[in-house]
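Here's the structure we're looking at; comments come further down.
The values are calculated or read from the model by the stated rules, or taken from the named source; none is laboratory data. These numbers were taken from a predicted model, which means no experiment stands behind them. Here the Cβ positions follow ideal geometry from the backbone for every residue, glycine too, while neighbour counts run over all protein chains shown.
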Amino acid sequence: MAEIQENLEAGSSAQPFRIDQKLHQILYKAEAAPRLEPMPQEVLPEPVYPQKPDPVPMTRKEYQKFNAIRTWKSWGSPYFKSRWHSSDLRPIIPYLFTEWKCNLDCHYCWSYNNAVKGMTEDVAKRSIDWLHSIGSRVLALMGGEPLLRPKFIHKIVDYSAKRDIFVYLPTNGRLMKPDVIDRLGDAGIATFNLAVDSVKERKSLPKALDPIRPYFDYLVKRQHHYGYSVMFNINICHNNMDDVKELTEIAHDNGIATDYHVNETPMMEQTHFKHLNENQTYLTPDDWPKVDALLDYLQDLRVNKGYKMANPTQHMEDMKLLMRGQVPPWQCRAGQNSLIIRTDGSLAPCFPMYSATHDWGTVGNHKFEVKQLDDMKVECTKHCLSTCNYILGYCYDNMRVISWGLKQAMHGFKGASNGF
């Protein structure tokens, strides 16, 4: 990665991928893609709305109790069952890509392609049923932008929540109108993860807070009416370091958590990505000391001022090494305790592998093999520090999980406090 950043600084073209050429050839073999046969008769039920007309805000104690019970059902119990069934596929956190389309064009983001069709109802329903049958009680709805089809997301949230599934929604917030918030809250959504990279909108970073500020204020205001939590997801880029500090303060003032990433070029080849070169968001070697200082600043806020941040402390330190192409060894559980379901119902172990042609199976018929995953991770974990999978791997430890649960109980299950 350091070589790529030096090339960028010198004005030359970035490489189309960061992984080893040999691994790239293995993952992109020209073979038949896995196919999930359509079953159009499988449809999601139409949600009743409102289920709770004019909900009364919960008291602090009620909110804490509600989230404590939900946390145990969706995270605690499935985690310990996964340890017991360690030889089985037990996704603690699966990711359902309902869309690979997006309404914005963030210049660092390759995670969308507006030519790809969205997920159908039958794939969504069969995915939820399958995940539930193998012990999963968390579902992250991914894109692209999931709220391109708010009625579809409403159905998924309603169907999942009725099965005690913790539904987590990342969104850029542009389509998060008050009616959408109320419908998803009423259906039982657990967390809104609001992706914002700047305060004021700019061409390369359109995920900004100012254009969605009325929606954000309403979202925070309604938390205790429905019991969901809210957090900011912030990507640290060459051109937004002051914004990162300001967004962190806004989150703190509103009592919500944050999580952070350092911006990276694509790890895998993404042929649809159009901003690989001349990209203002990519970090260069000149940025490294600035990012180091920013991460230290954030760590100080967490440790000494109690700011709520999801990243483990070690993850924040390892981000400094990621920029320099020196990722230390870490435990990745992708394909074992996490996975992604593409819009067509095919499977992959993690986000960067979305475009790979390797056959990992389909919903209800996975082909994950621990040896193949372990062999692959020897190389790919040298180039990746996925926040989601890092947290999963880091906390795949009984004592850390127990300690985290006690810490969350002490803080009312309102968001990550002081990390892991």
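Is it fair to say ARG302 is in contact (Cβ under 8 Å) with a residue 40 or more places away in the chain, in contact with a Leu (Cβ under 8 Å, 6 or more places away or on another chain) and not polar (S, T, N, Q)?
It is false that ARG302 is in contact (Cβ under 8 Å) with a residue 40 or more places away in the chain, in contact with a Leu (Cβ under 8 Å, 6 or more places away or on another chain) and not polar (S, T, N, Q).
Helices (runs of 4 or more DSSP H) wholly in segment 68-161 with at least 2 residues that are modelled with pLDDT under 95 - which ones?
Per the criteria, 77-84.
Could you tell me whether segment 37-44 includes any residue that is assigned to a helix (DSSP H, G or I), at pLDDT 90 or above and farther than 21 Å from PHE351 by Cα?
For segment 37-44, residues assigned to a helix (DSSP H, G or I), at pLDDT 90 or above and farther than 21 Å from PHE351 by Cα: absent.
Would segment 376-391 turn up any residue that is free of Cβ contacts under 8 Å to residues at least 40 places away in the same chain, out of contact with any Phe, Trp or Tyr (no Cβ under 6 Å at 6 or more places or on another chain) and farther than 21 Å from VAL138 by Cβ? Before you say what the answer is, go through the steps one by one.
Our first condition is that a residue be free of Cβ contacts under 8 Å to residues at least 40 places away in the same chain; within segment 376-391, this holds for 378.
Subset that is out of contact with any Phe, Trp or Tyr (no Cβ under 6 Å at 6 or more places or on another chain): 378.
Next cut, farther than 21 Å from VAL138 by Cβ only: 378.
Yes, segment 376-391 contains a residue that is free of Cβ contacts under 8 Å to residues at least 40 places away in the same chain, out of contact with any Phe, Trp or Tyr (no Cβ under 6 Å at 6 or more places or on another chain) and farther than 21 Å from VAL138 by Cβ.
Is it the case that segment 320-332 has a residue that's in contact with a Pro (Cβ under 8 Å, 6 or more places away or on another chain), surrounded by 15 or more Cβ atoms within 10 Å (Cβ to Cβ), more than 24 Å from SER86 (Cα to Cα) and touching a residue at least 40 places away in the same chain (Cβ under 8 Å)?
no
Restricting to segment 162-172, name every residue that is crowded, with 22+ Cβ neighbours inside 10 Å and either at positive phi or more than 13 Å from the chain's Cα centre (by Cα) (or both).
Result: ILE165, PHE166.
Taking segment 73-91, which residues are surrounded by 11 or more Cβ atoms within 10 Å (Cβ to Cβ) and of a type in the set (Gly, Ala, Ser)?
Once the filter is applied, which keeps residues that are surrounded by 11 or more Cβ atoms within 10 Å (Cβ to Cβ) and of a type in the set (Gly, Ala, Ser), segment 73-91 yields SER74, GLY76, SER77, SER82.
Return the pairs, sorted by first residue and then second, in which the second residue is in a loop (DSSP other than H, G, I, E, B), the first residue lies in segment 276-288 and is farther than 19 Å from PHE17 by Cβ, the beta carbons are less than 6 Å apart, and the residues are 6+ apart or on different chains.
GLN280/SER204; GLN280/ASN239; ASP287/HIS238
Is there any pair linking a residue in segment 211-224 that is free of Cβ contacts under 8 Å to residues at least 40 places away in the same chain and within 18 Å of PRO57 (Cα to Cα) to one that is assigned to a loop (DSSP other than H, G, I, E, B) and among the β-branched types (Val, Ile, Thr), with Cβ under 8 Å and at least six apart or on different chains, and which?
VAL220/ILE256
Consider ARG183 carefully, then state whether it is in contact with a His (Cβ under 8 Å, 6 or more places away or on another chain), in a helix (DSSP H, G or I) and either hydroxyl-bearing (Ser, Thr, Tyr) or closer than 26 Å to LYS125 by Cα (or both).
yes
Just checking, how many residues over segment 205-214 are under 21 Å from the mean Cα position of the chain (by Cα) and either surrounded by fewer than 20 Cβ atoms within 10 Å (Cβ to Cβ) or small (Gly, Ala, Ser) (or both)?
Residues flagged as under 21 Å from the mean Cα position of the chain (by Cα) and either surrounded by fewer than 20 Cβ atoms within 10 Å (Cβ to Cβ) or small (Gly, Ala, Ser) (or both) within segment 205-214 amount to 2.
Can you say whether GLU278 is outside any loop (DSSP other than H, G, I, E, B) and out of contact with any helix residue (DSSP H, G or I) (no Cβ under 8 Å at 6 or more places or on another chain), as far as the supplied structure shows?
The answer is no for GLU278.
Would you call ARG324 basic (Lys, Arg) and more than 21 Å from THR120 (Cβ to Cβ)?
Yes, satisfied.
Out of all the residues in segment 175-189, is one or more of a type in the set (D, E, K, R), surrounded by fewer than 22 Cβ atoms within 10 Å (Cβ to Cβ) and out of contact with any Phe, Trp or Tyr (no Cβ under 9 Å at 6 or more places or on another chain)? Spell out the reasoning first.
Of all residues in segment 175-189, those of a type in the set (D, E, K, R) come to 177, 179, 182-183, 186.
Checking the rest, the ones that are also surrounded by fewer than 22 Cβ atoms within 10 Å (Cβ to Cβ) come to 177, 179, 182-183.
Still in the running and out of contact with any Phe, Trp or Tyr (no Cβ under 9 Å at 6 or more places or on another chain): 179.
Within segment 175-189 (the criterion being of a type in the set (D, E, K, R), surrounded by fewer than 22 Cβ atoms within 10 Å (Cβ to Cβ) and out of contact with any Phe, Trp or Tyr (no Cβ under 9 Å at 6 or more places or on another chain)), the answer is yes, since at least one residue qualifies.
For segment 303-325, which positions are in contact with a Lys or Arg (Cβ under 8 Å, 6 or more places away or on another chain) and not polar (S, T, N, Q)?
Of the residues in segment 303-325, the ones in contact with a Lys or Arg (Cβ under 8 Å, 6 or more places away or on another chain) are 308-309, 313.
Those that are in contact with a Lys or Arg (Cβ under 8 Å, 6 or more places away or on another chain) and not polar (S, T, N, Q): LYS308, MET309.
For segment 350-420, please list each of the helices (runs of 4 or more DSSP H) lying entirely inside it that holds at least 2 residues being modelled with pLDDT of 90 or more and under 28 Å from PRO34 (Cβ atoms).
Details: elements: 370-380, 387-394, 398-410.
Result: 370-380, 387-394.
Got at least one residue in segment 206-227 being assigned to a strand (DSSP E or B), at pLDDT 95 or above and farther than 30 Å from MET241 by Cα?
Among the residues of segment 206-227, not one is assigned to a strand (DSSP E or B), at pLDDT 95 or above and farther than 30 Å from MET241 by Cα, which makes the answer no.
Got a sec? Which of ILE250, ILE234 is of a type in the set (Val, Ile, Thr) and free of Cβ contacts under 8 Å to residues at least 40 places away in the same chain?
Details: ILE250 fails: free of Cβ contacts under 8 Å to residues at least 40 places away in the same chain.
None of the others qualify; the one that does is ILE234.
Hey, could you check segment 281-295 for residues that are surrounded by 13 or more Cβ atoms within 10 Å (Cβ to Cβ) and assigned to a helix (DSSP H, G or I) and say which is farthest from the chain's Cα centre (by Cα)? Walk me through how you get there before you give the answer.
Start the filter on segment 281-295 by keeping residues that are surrounded by 13 or more Cβ atoms within 10 Å (Cβ to Cβ), which leaves 281-285, 287-288, 290-292, 294-295.
Keeping just the survivors that are assigned to a helix (DSSP H, G or I) gives 285, 287-288, 290-292, 294-295.
Numbers: PRO285: 27, ASP287: 25, TRP288: 25, LYS290: 25, VAL291: 22, ASP292: 23, LEU294: 22, LEU295: 20 Å.
Selected residue: PRO285.
Looking only at segment 264-279, filter to residues that are of a type in the set (Asp, Glu) and surrounded by fewer than 20 Cβ atoms within 10 Å (Cβ to Cβ); which one of those is farthest from LEU205 (Cα to Cα)?
Per the criteria, the residue is GLU269.
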